[in-house]
Each structure stands twice: as C-alpha cells, then as structure tokens.
1. What is the ratio of the Cα radius of gyration of segment 139-200 to 2.2 N^0.38 Å, where N is its residue count, to two decimals?
2. Charges only on Cβ, +1 for Lys and Arg, -1 for Asp and Glu: so what's the dipole of segment 61-200 about the Cα centre, in debye to the nearest 20?
3. List the residues, sorted by chain then number, that are 5 or more residues from Phe153 or on another chain and whose placed amide H is less than 5 Å from its amide H.
4. Using a probe radius of 1.4 Å on heavy atoms only, what accessible surface per residue do you get for segment 57-200? Whole Å² is fine.
5. Ordered by residue, what ³J(HN,Hα) values in Hz, to whole numbers, does segment 124-137 give under the Karplus form 6.51 cos²θ - 1.76 cosθ + 1.60, where θ = phi - 60° and Gly and Pro are x?
6. With no solvent and one point on each alpha carbon, what is the Debye value of log10 I(q)/I(0) for segment 62-200 at q = 0.14 Å⁻¹?
7. In whole percent, how big is the carbon plus sulfur part of the accessible area of segment 55-200, probe 1.4 Å, protein atoms only?
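The values are calculated or read from the model by the stated rules, or taken from the named source; none is laboratory data. Every value quoted in this text rests on a predicted model; they were computed, and no experiment measured them. Cβ: placed from backbone, ideal geometry, glycine included. Neighbour counts: every protein chain shown. We work out accessible area using only protein heavy atoms, side chains counted, and drop any ligands, DNA or RNA first. Shrake-Rupley method; radii C 1.70, N 1.55, O 1.52, S 1.80 Å.
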Amino acid sequence: MQYKSSFKSIAVALGLALGAMLSAAAAPAFAAGPAVVLIVNTEAVFAQSKVGQNIRSQFEEQAKKLRAEGKKTEDGLQADAKKIADERALLSPEDLQKKVQAWQKREAEFQQSMQQKGQALQLGLQQANGKVEAALRPIFAEVLKEKGGTVLFDQSVVLAGGADLDISAEVLKRLNERMSTTELKPVSIEELQAEQKASQ
C-alpha cells in the first residue's frame, strides 16, 4: 500500500483538469491577444496543505493497523502449519489431507481478505483525494481570474522557468482556509460503483 502513488494520481488528475481549463480559457484570449500563462505546483500544494497532511496521516495509521492485523493472522497460520507438521506421524493419510486442505482454505481466504482490504484502503484514499481535487477547481478559477491569467499549467508539465508565474502559495492559502480535514474511509469497488451510479 503506497501513499505516494495515489498522492501522484491527484496531480495527474488535476493536470488533466487544468488542460480542460486551458481549452476553455484560452479560446477568447487568442481573439483578444496573447495568452497570460500562470503555473501551479499541484503536488506541492497537496503535500503542504492541512487536508493533504490529514489524509496522509489517516492513510498511514490505517495501513499500519492493516499490517498488524495481517501479521497476527499470518503468525496464527504458521503456528497451525507447524502443529500439523508435528502431528503428521500420528494422523492417517485421510486425516492429514483434511487438515492440510482446511489450512490451505484458511490461508487462501486470508490472502483474499487482505487483498480486498488493501484495495479498499487505496480506493478510500483516491476518494479522499477526489474531494480535495473538487475543492481546488474553484480556487484555480478564482486565482486565475484575479491574476488576469488565461492559461493555467501544472508545474509537472513545465520544463523550465516560470517561478514568477507560480500561484501555488495563494492556492495553498485558500485551500487551507476552506478545507483542513476530510475522512479517509476504506471503500469496496461495489460501494464505489453504487455511489457513482447514485450521483449520476
């Protein structure tokens, strides 16, 4: 379970959102004159924001609990496997086979459960990040308008320069004013699909 991979995904998603803003904002600009370009470091804004740090803290705490839960169950399975091995000589082939098959079933169920819980945590992280993305969109539009900008690029697509055009500090300030926490709740694929269907 990596926080960083999902952490980067919000920057990618917002980069795409900025691209959409580019096409909408740039059209009238070209008719009136040259585009005024501004830059935002979405990844830095998210990492430094109160809500971004809150999400990261929740994710790390829940991932830690999930690892501890997995280790406890795994230790129990290993102890049971050793017990079966120690009893081999005392069991009939049929009884030994039954015990081994029962253990294998429990081990497979454990692996499946851990995979599902890890996936649910990652989906919950994506959902929490999506709430921050939704909060950032109007902030981008506001600052872009106030600064007289017509095009907003994410820092990740800027090869060099642009420090004097960076509005990240102002975006960070406004995000902190409007959003300091959001719940990170593990969610299954089925729950996520049901929520998406209900919102359509």
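1. Numbers: Rg = 17.1 Å, N = 62, 2.2 N^0.38 = 10.6 Å.
Compared with the compact-globule rule of thumb, segment 139-200 sits at 1.62.
2. On the way: 22 positive and 23 negative charges, 52 e Å.
With only Lys, Arg, Asp and Glu charged at Cβ, the dipole is about 240 debye.
3. HN-HN under 5 Å from Phe153: Leu38, Ile39, Val40.
4. Heavy-atom accessible area per residue stands at 66 Å².
5. For segment 124-137, the Karplus-derived couplings read x, 5, 4, 5, 5, 4, x, 5, 5, 4, 5, 6, 6, 4 Hz, x marking Gly and Pro.
6. Ignoring solvent entirely, the Cα scatterers give -0.86.
7. Working: 4990 of 9650 Å².
Percent of accessible area from carbon and sulfur atoms in segment 55-200: 52.
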